[in-house]
Amino acid sequence: MAPSTQFELPQPPTDAVSSLVFSPDSSHRLLVSSWDKHVYLYQLTEGEGDNANLLNKYEHRAPVLDVCFGDASNNEAYTAGMDRQVKKIDLTSGEQTVLSKHSEPVRCVVYSSAHNLLVSASWDNTLHVHKLSDPGSDPLVIPLPGKPHALSSSPTKLVVAMTARLVHIYDLPTLAAATSPPAPWQTRESSLKFLTRAVACMPNDAGYATSSIEGRVAVEWFEDTPESQARKYAFKCHRQAAPEEEGGGDIVYPVNALAFHPVYGTFASGGGDGTVALWDAEAKRRMRQYQKFPEAVASLGFSGDGKYLAIGVCPGFETGMEDYTGQGRTRVFVRELGETEAKGKGTK
């Protein structure tokens, strides 16, 4: 088995990383969005001393809060930002097209290739569902009962995590066919007592994981049967023992990022404590914890083949800094995983 290696991307963003995502078609193309008002496109190069090149930067009018790839053979991306706009970027020409405008900043954007849908979630308490097969059409606007903080999709489901511990699950085929706002497929209350920070869907369409600002992760299944619901669980993580002279106990950090491995179905969590851990959702155990990074882990993303894990690192707000800046302290690392590094105990 080849050992795992880790390298750092050149020319990182100059402020906090908001999201990072690999192209679904190529494990060598990586998009990074940042509070510095830019989206960065990197190309990973294989060979001796794995590394990467910055291919392009795409400037926005305000901080970019999320980015995802679209279709069109790797050359389209979609962004959500503080400028309240949902944009399409042609990664080759750099041309940007506004798809819709929200009345408040847009927090998240998710693309479903199976249904050719782009869904944006905004702090104006709405989802915009863009049917990309009909580019001239207005998006379907779905009102939400709370402010959305995280969004994730599986092959057939869309999970929206909001304030007040609200979770709505939508059926993607229903959204694709809808001409008026459909009711959620399911509504749930979060298993976690504090604000949801991240949500990630299982690649096998069976369920999802959520994380909170209070150092916990919950794993749940979609199937609404007593047996299935009895399987859900939550656990503490990303905590450190406080010094005895300060009274002992735990220092609790937010769990900022979650990402499922596309092949093995295990998942990674990243926290304000600067660590990344790998978990086996089925066996309910931690598989490994990586070395501490120099700052908080803000975002995580696996490549489509599961070979790489990208890790966005920047100062968190845990330090209570009033003059926050990620300048000079924002870094993006890429870890090339060993063959069975992310394979869980129960994985066939």
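A few remarks follow.
- Condition check for residue 265: on the phi > 0 side of the Ramachandran plot, in contact with a strand residue (DSSP E or B) (Cβ under 6 Å, 6 or more places away or on another chain), in contact (Cβ under 8 Å) with a residue 40 or more places away in the chain and not hydrophobic (A, V, I, L, M, F, W, C): no
- Filtered by the rule that a residue be of a type in the set (Gly, Ala, Ser) and under 24 Å from residue 231 (Cα atoms), the stretch 254-296 gives 257, 259, 265, 268, 269, 270, 277, 281, 283.
- Output for the stretch 92-129, where each listed residue is among the charged types (D, E, K, R) and either at pLDDT below 95 or open to solvent by less than 50 Å² (accessible area, probe 1.4 Å) (or both): 124
- Residue in the stretch 235-256 that is surrounded by fewer than 13 Cβ atoms within 10 Å (Cβ to Cβ), hydrophobic (A, V, I, L, M, F, W, C), more than 20 Å from the chain's Cα centre (by Cα) and more than 26 Å from residue 169 (Cα to Cα) present: yes
- Matching residues, the stretch 186-201, being touching a Ser or Thr at 6+ places or on another chain (Cβ under 9 Å) and under 25 Å from residue 19 (Cβ atoms): 190, 191, 192, 194, 195, 196, 197, 198, 199, 200, 201
- When the criteria are applied in full, residue 348 meets the requirement of being at pLDDT below 90, assigned to a loop (DSSP other than H, G, I, E, B), within 30 Å of residue 220 (Cβ to Cβ) and open to solvent by 40 Å² or more (accessible area, probe 1.4 Å).
- Some residue of the stretch 181-202 being in contact with a Gly (Cβ under 7 Å, 6 or more places away or on another chain) and at pLDDT 90 or above: yes
- Test: residue in the stretch 166-180 that is without any contact (Cβ under 8 Å) to a residue 12 or more places away in the chain, open to solvent by less than 60 Å² (accessible area, probe 1.4 Å) and of a type outside the set (A, V, I, L, M, F, W, C): no
- Test: residue in the stretch 213-225 that is charged (D, E, K, R), free of Cβ contacts under 8 Å to residues at least 24 places away in the same chain and within 21 Å of residue 187 (Cα to Cα): yes
- Search result, residues across the stretch 42-59 that are modelled with pLDDT of 95 or more and surrounded by 22 or more Cβ atoms within 10 Å (Cβ to Cβ): 42, 58
- On inspection, residue 122 passes the criterion of being within 24 Å of residue 299 (Cα to Cα) and either without any contact (Cβ under 8 Å) to a residue 12 or more places away in the chain or out of contact with any Ser or Thr (no Cβ under 7 Å at 6 or more places or on another chain) (or both).
- Within the stretch 226-262, the residues that satisfy the criterion of being touching a Phe, Trp or Tyr at 6+ places or on another chain (Cβ under 9 Å) and free of Cβ contacts under 8 Å to residues at least 60 places away in the same chain are 228, 229, 231, 232, 235, 237, 238, 239, 240, 259, 262.
- Condition met for residue 172 (within 15 Å of residue 106 (Cα to Cα), of a type outside the set (S, T, N, Q) and at pLDDT 95 or above): no
- The criterion of being open to solvent by 60 Å² or more (accessible area, probe 1.4 Å), basic (Lys, Arg) and out of contact with any Phe, Trp or Tyr (no Cβ under 8 Å at 6 or more places or on another chain) does not hold for residue 188.
- Among the conditions (1) open to solvent by 10 Å² or more (accessible area, probe 1.4 Å); (2) at pLDDT 95 or above; (3) more than 22 Å from residue 207 (Cα to Cα), the only one that residue 328 does not satisfy is (2).
- Options 263, 219; residue that is in a strand (DSSP E or B) and of a type outside the set (Gly, Ala, Ser): 219
- Test result for residue 242, more than 29 Å from residue 328 (Cα to Cα) and modelled with pLDDT under 95: no
- Taken as a whole, the structure leaves residue 66 outside the set of residues that are open to solvent by less than 70 Å² (accessible area, probe 1.4 Å) and out of contact with any strand residue (DSSP E or B) (no Cβ under 6 Å at 6 or more places or on another chain).
The values are calculated or read from the model by the stated rules, or taken from the named source; none is laboratory data. Because the structure is predicted, anything quoted here is derived from the model rather than measured. All Cβ positions, even for glycine, are placed from backbone atoms using ideal geometry, and neighbour counts span all protein chains on display. Accessible surface is based on the protein model in full, side chains and every heavy atom, while ligands, DNA and RNA are left aside. Shrake-Rupley method; radii C 1.70, N 1.55, O 1.52, S 1.80 Å.
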